[in-house]
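Asker: Okay, here's the structure, questions in a sec.
The values are calculated or read from the model by the stated rules, or taken from the named source; none is laboratory data. Remember, it's a predicted structure, so these values are computed and weren't measured experimentally. Positions of Cβ are generated from backbone atoms using ideal geometry, with glycine treated the same way; all protein chains shown enter the neighbour counts. Accessible surface areas use protein heavy atoms only, side chains included; no ligands, DNA or RNA. Shrake-Rupley method; radii C 1.70, N 1.55, O 1.52, S 1.80 Å.
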Amino acid sequence: MVSSDSNTSRHAILSCEGVTRAYTRGGSGWRRSTSSQTVVAVDDVSTSISTGDVVGLAGPSGSGKSTLLHLLAGLDTPTKGRVVLNGTDTSGLSESARAKLRLDEVGIVFQHFHLLPSLSARANAALPLVQRGVSKSTRRNKATELLNAVGLADRATHKPSELSGGEQQRVAIARALVTDPSLLIADEPTGELDSNTGRQILNLLTDVADDRAVVIASHDDAVLERADRVLRLHDGRLQDES
Ligand code: ADP
Ligand code: MG
């Protein structure tokens, strides 16, 4: 049936089916197996995320937010269950195929920005395109376009040390978006910023959601208020959605 609903372009870009990630610490080999300790960081999480969704990921420190984001981004694979990103089960891929999938589909923004200190804002924003083998002039144009979009047109040649925290996070967002990913992941993106700057960064992250899915982990109520949906983790388990 053909629907006239304007939401017909929304489709599940990401699905988690019974996703579990256990870490085993200590103990190696059978002799020490009794001293090893298993932490179930993410426990049987199932959800599905569509294009256009802004999803908040909440929960106290240690509840599994970063671990779940890493699984969603294909940085890590579950010990049980499946993460299916744009039709591909991440567990079925080699390390290099997973890196390629990330490069094609995922942009990631971290709390501490993770910019390369020796490179200009523009060169930082262009980095994923270097990995993609894009020509220098196209890289420059695309990175400039993204820096303009995040309000940093006049900072393109500045190094990270010459930028404020909020500006550095804008560069990180430009870098995350330069490949036009279908999924944007942000782990505590406002954690280092004052509340005003944090709000601006939040606006930016939610503005770019239209044609992609955005997942933002945060303690910050302002972040969670802006989300279309909030997933709450407690001891790695998903609580009722709100
Ligand atoms: P959050 O981001 O919500 O603070 P994390 O996902 O970082 O939570 O951590 C969830 C749990 O998993 C914590 O108990 C943490 O100690 C544990 N954990 C996280 N990463 C590792 C790791 N690499 N090795 C062992 N345990 C880990
Ligand atoms: Mg975390």
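Asker: Which net charge results for the neighbourhood of Asp220, defined as the other residues with beta-carbon distances under 13 angstrom from its beta-carbon, given Lys and Arg at +1 and Asp and Glu at -1?
Answerer: Once all neighbours under 13 Å are counted, the net charge is -3.
Asker: Across segment 133-217, what fraction of all alpha-carbon pairs, as a whole percent, falls in each successive 10 Å bin from zero upward?
Answerer: Bin by bin from 0 Å, the calculated values are 16, 50, 30, 3.
Asker: On to the next question. For every other residue with a beta carbon closer than 13 angstrom to the beta carbon of Gln111, add +1 if it is Lys or Arg and -1 if Asp or Glu, then tell me the sum.
Answerer: -3
Asker: In whole percent, and with a 1.4 Å probe on the protein chains, what portion of the accessible area of the chain is carbon and sulfur?
Answerer: Carbon and sulfur: 46 percent of the exposed surface of the chain.
Asker: Counting only Cα, what are the radius of gyration and maximum Cα-Cα distance Dmax of segment 55-145, in Å?
Answerer: 15.6, 45
Asker: Sticking with this one: Calculate the spin-label point distance for Tyr23 paired with Ser36, positioning each point 7 Å from the Cα along the beta-carbon direction, and give it in nanometres.
Answerer: Computed distance between label sites Ser36 and Tyr23 equals 1.6 nm.
Asker: A further question follows. For Gln239 and Ser161, compute 0.36 nm times the residue count separating them, minus their Cα-Cα distance, and round to one decimal in nm.
Answerer: Stretched fully, the Gln239-Ser161 segment lengthens by 24.0 nm.
Asker: Let me ask something else about it. Nearest 5 percent is fine: what portion of the DSSP beta bridges confined to the chain is antiparallel?
Answerer: In the chain, approximately 55 percent of DSSP beta bridges are antiparallel ones.
Asker: Then there's this: Using the heavy atoms of the protein chains and a 1.4 angstrom probe, tell me the accessible area per residue for segment 33-164 in square angstrom.
Answerer: 48
Asker: Using the alpha-carbon atoms, what tilt in degrees (0 to 90, nearest 10) does helix 136-149 show relative to the longest principal axis of the chain?
Answerer: 90
Asker: While we're on this one: Could you size up the charge dipole of the chain around its Cα centre, putting +1 on the beta carbon of Lys and Arg and -1 on that of Asp and Glu, and report it in debye to the nearest 20?
Answerer: Dipole of the chain, to the nearest 20 debye: 1080 debye.
Asker: With a bin width of 10 angstrom, please list the P(r) values of the chain as percents of all Cα-Cα pairs, from the 0 bin to the one holding the largest distance.
Answerer: Result, from short to long distances: 8, 30, 34, 21, 7, 1, 0 percent.
Asker: Using only Cα atoms, tell me the angle between helix 121-131 and the longest principal axis of the chain; keep it within 0 to 90° and round to the nearest 10.
Answerer: Roughly 60 degrees between the two axes.
Asker: Here's a follow-up. Helix 95-105 versus the longest principal axis of the chain: what angle, 0 to 90°, nearest 10, using Cα atoms?
Answerer: On a 0 to 90 degree scale, this one is about 50.
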